[in-house]
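The values are calculated or read from the model by the stated rules, or taken from the named source; none is laboratory data. Note that the structure is predicted; figures quoted are calculated from it, not measured. Positions of Cβ are generated from backbone atoms using ideal geometry, with glycine treated the same way; all protein chains shown enter the neighbour counts.
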Amino acid sequence: MSPHGTGDFPEVPAMNEGDPASDDLPGRPGVGGLVNDLPTRPDTSEQRRSELAESLRKVRERLDRACRAAGRRPDEVELLAVTKTFPASDVALLADLGLVEFAENREQEARVKVAEFAALRPDARVRWHMVGQLQRNKARAVVRWADVVESVDSERLVEALRRATANALDAGDRKHPLDVLVQVSLDEAEGRGGCRPDEVPKLADMIMRTSDLRLRGVMAVAPLGGDPDVAFDTLSVISARLRRDHPEAVDVSAGMSGDLESAVAHGSTRVRVGTALLGGRRLTSP
Ligand SMILES: *Cc1c(COP(=O)(O)O)cnc(C)c1O
C-alpha cells in the first residue's frame, strides 16, 4: 500500500509501441492501433475507414474491368492487400471491409502487426502472406505467423522452411503445412529476389518431396522500367510448364498497383496491391 496513494497505478504504456516506422508517415494521424480510439480524435478511424472503402472500391473496379477485358471471371483473381508500413488498425478496417488476404515483406514488422491485428479482431479469419525476401535465419520466425510464403527462391530456403515448419507443427505453433510459391526473377538484375526461370523445376521438385510445404505456384515482380506485358507473359509460360509437372500448383501471384491490368491479362490469379489501397509509403520497398 502506498502511503501517498499514487504508487499503485500501472505505468502509462508508450504510445509508439510496435510499429514505429509507420507512426510518422505524413498525413496519417493516430496510427498505432489501440490508441486510435482516444476521444480527442473521434473521427480518425471513421475517416480512414471511408478512405479505405473508397480505394478498395476503385481497386475492385479496376480488377473487374481487367477481368472482363481478358474474358475472365472476377472471382478468378484474388486481391492480396500489401500492408507493409501501415498499422494494424488499417488491416482491421480492411478486414471489416471484407478482405481476407494480407501480405507483409519484412518478418519483424509482420510479426508485431499480426499480433496487434489478432488483438484488434480476435474473431477475424484472415490469411497472411510473406512476399519479401527472406533470410534463412528468419524461417523459424516467419512460419509462426505466415500462412503462405511467396518468396521462395533457393534450395537452402526450402530446407530452412521445411525444418522450421516441421518444428512449428510439432510444437503446436502452427496447425497447417506452409503454402509456398516459387518466386521467379524475370530479369537478370540481382537484389529483388527470385530464382532463375530454369531453376523452378528443381525447387518445385524439392518442395514436393516435403510433407510440410505445399507447392501452390509462382510469384514474380515485373522488372523496374521493363514492359510488364513481356514479363507477365514470360511468367505465364513458366507457370504453364510448372503445372504440367505439378497440376495443383495453379497460383500465379503477379501484378501490383501499377501493373495489375497487365498481370490479369496474362493469367494472374492473385494481385498484390499496396499503394492503390492504402496510399503512398514513405520509403519505397522492393
Ligand atoms: C510492396 C509490394 C507490393 C505492392 O506494391 P504496390 O506498388 O504498392 O501495390 C507487391 N509485391 C511485393 C513483393 C511488394 O514488396
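Results, tabulated for the structure shown:
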item: Any hit, region 170-193, residues being in a helix (DSSP H, G or I), more than 16 Å from the ligand (Cβ to nearest atom), touching a strand residue (DSSP E or B) at 6+ places or on another chain (Cβ under 9 Å) and of a type outside the set (Val, Ile, Thr); result: no
item: Filter result (within 16 Å of the ligand (Cβ to nearest atom) and either within 16 Å of the chain's Cα centre (by Cα) or assigned to a helix (DSSP H, G or I) (or both)) within region 152-169; result: Val152, Leu157
item: From Val143, Val91, residue being in contact (Cβ under 8 Å) with a residue 12 or more places away in the chain and over 30 Å from Asp205 (Cβ atoms); result: Val91
item: One residue from Leu94, Leu80 being touching a His at 6+ places or on another chain (Cβ under 8 Å), at pLDDT 95 or above and crowded, with 21+ Cβ neighbours inside 10 Å; result: Leu80
item: Selection count where residues are crowded, with 20+ Cβ neighbours inside 10 Å and within 7 Å of the ligand (Cβ to nearest atom), scope region 255-285; result: 3
item: Which listed residue, of Arg156, Arg162, is in contact with a helix residue (DSSP H, G or I) (Cβ under 9 Å, 6 or more places away or on another chain) and buried (at least 16 other Cβ atoms within 10 Å of the Cβ); result: Arg162
item: Filter pass, Ala189 being of a type in the set (A, V, I, L, M) and at pLDDT 95 or above; result: no
item: Of the criteria (1) among the basic types (Lys, Arg); (2) in contact with a Leu (Cβ under 9 Å, 6 or more places away or on another chain); (3) within 18 Å of Ser257 (Cα to Cα), which one Arg65 fails; result: (2)
item: Hits in region 122-153 - residues which are surrounded by 17 or more Cβ atoms within 10 Å (Cβ to Cβ) and aliphatic (A, V, I, L, M); result: Val126, Met130, Val131, Leu134, Ala139, Val142, Val143, Ala146, Val148, Val149, Val152
